[in-house]
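Read the structure below first, then the notes.
The values are calculated or read from the model by the stated rules, or taken from the named source; none is laboratory data. Bear in mind that the values here come from a model prediction, so they are computed numbers and not experimental data. Every residue, glycine as well, gets a Cβ built from its backbone with ideal geometry; the counts of neighbours run over all protein chains shown.
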Amino acid sequence: MIRISVLCSLLMINAVLPQSALADRLKDLASVAGVRSNPLVGYGIVVGLSGTGDGNSGLTLQSLESMISRLGLSVDAADLNAKNAAAVMVTAELTPFLKTGQTLDVTVSTVGQSKSLKGGTLLMTPLMGADGEVYAIAQGNLVVGGLGVEGADGSSLTVNIPTVGRVPRGAMVERMVETPFLDTEFLVLNLHRGDFSTASLVAEEINKTFGGGVALPLDATSIRVRAPVDPGQRVSFMGLLENVDVTPDAPAAKVVINSRTGTIVIGGNVRVTPAAVTHGSLTVQVTEDQNVSQGATVVAGNGATVVAPGAPVVTPDTQIEASQDPARAFVFDPGVSLSSLVDAINAVGATPSDLVAILEALREAGALRAELVVI
């Protein structure tokens, strides 16, 4: 319950801050349509490993044979051993406006039986985009933060992930991705979180800064902005545009529940209509015990009785106790705020699971004026 109380306190502090303190830069709220990164992927070979490669993996042997044959040598895969080589997938992000000849970082991950890429070197690997075209070429020495050790008796120790490494600035761009930034008459700003009120406020603030008619909200996510006709002025225009301060409208009322961790976040606009809630718990405790006694065998004959020890006798002894805490009831007045809601729930000592049950019951009763989201 501490997490909920702290959240409530932070929201109440924000409520008394001046409006200017809550303003965000436009660059933190939106992105420019068409200006984005592009994922790249390629298949390659890492060599120079210290016996931690793929071994006799058919995929790696075939790849080595194909690569060596392209260098003008004839070799049979049966004559190769890939204990010092590994087949890998290479991934990278081609950021916008990156030009031919510039470099970018790449991530290398094993796809075979290799235990570690430490000390390896990535051989020349073409990186392709979603259209199948080659946009960059990767090659270089790997930086691996993980460590894996295996003993002769089968024991092993692994620190972090030794099967994934990076090559800083390991890929060179061979082709630039064209963007509509310099060609279109209008720039479109897409909000990271769609909201009609915020889109309208963004357009209003832009028009206050650059003049009326410059910005026009298209929908809950997009705002169209008239760009300068001269392409040379667009960069400075975007620099000014990104730093326009906008105060986003309050988000929709939501209660978000993480079912795995028990974390519950209640938005500041959550309200509850008049409702009465009773909370109590029933505890049942079952104790199993075994009573063991010595058995006996009685034999009588010729006027004499003989008692001989027998097998032990086990008698089950079960005790069941039930206890129920007194039910606690609390009433929500009309339009109760977040702080009152949290205080009332904390007062009854509800656990996260109890709180989920209370919120779900309030929603079913129509008293919770918020969307309940379970993640």
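Miscellaneous remarks
- From Val246, Val255, residue being within 27 Å of the chain's Cα centre (by Cα), farther than 30 Å from Ala136 by Cβ, surrounded by 13 or more Cβ atoms within 10 Å (Cβ to Cβ) and touching a residue at least 12 places away in the same chain (Cβ under 8 Å): Val255
- Residue check, Lys99 over 26 Å from the mean Cα position of the chain (by Cα) and closer than 13 Å to Asp54 by Cα: no
- Within region 89-115, residues that are acidic (Asp, Glu) have Cβ atoms under 7 Å from residues that are exposed (fewer than 14 other Cβ atoms within 10 Å of the Cβ) and part of a strand (DSSP E or B) in these pairs: Glu93/Pro39; Asp105/Pro168; Asp105/Arg169, counting only partners at least 6 apart in sequence or on another chain.
- Among the residues of region 211-243, those identified as outside any loop (DSSP other than H, G, I, E, B) and free of Cβ contacts under 8 Å to residues at least 12 places away in the same chain are Gly232, Gln233, Val235, Ser236, Phe237, Gly239.
- Region 20-42, subset assigned to a helix (DSSP H, G or I) and in contact with a helix residue (DSSP H, G or I) (Cβ under 8 Å, 6 or more places away or on another chain), residue modelled with the lowest pLDDT: Leu22
- Of residues in region 183-207 being more than 23 Å from Arg25 (Cα to Cα) and touching a residue at least 24 places away in the same chain (Cβ under 8 Å), the one surrounded by the most Cβ atoms within 10 Å (Cβ to Cβ): Thr184
- Residue within region 45-58 that is surrounded by 12 or more Cβ atoms within 10 Å (Cβ to Cβ), part of a strand (DSSP E or B), out of contact with any strand residue (DSSP E or B) (no Cβ under 6 Å at 6 or more places or on another chain) and at pLDDT 90 or above present: no
- Thr198 vs. criteria among the β-branched types (Val, Ile, Thr), modelled with pLDDT of 90 or more and assigned by TED's automatic domain parsing to the domain that holds Gln233: yes
- Matching residues, region 85-112, being of a type outside the set (Val, Ile, Thr) and either crowded, with 18+ Cβ neighbours inside 10 Å or part of a strand (DSSP E or B) (or both): Ala85, Ala86, Ala87, Met89, Ala92, Glu93, Leu94, Leu98, Leu104, Asp105, Ser109, Gly112
- Residues of region 2-19 include none that is among the charged types (D, E, K, R) and at pLDDT 85 or above.
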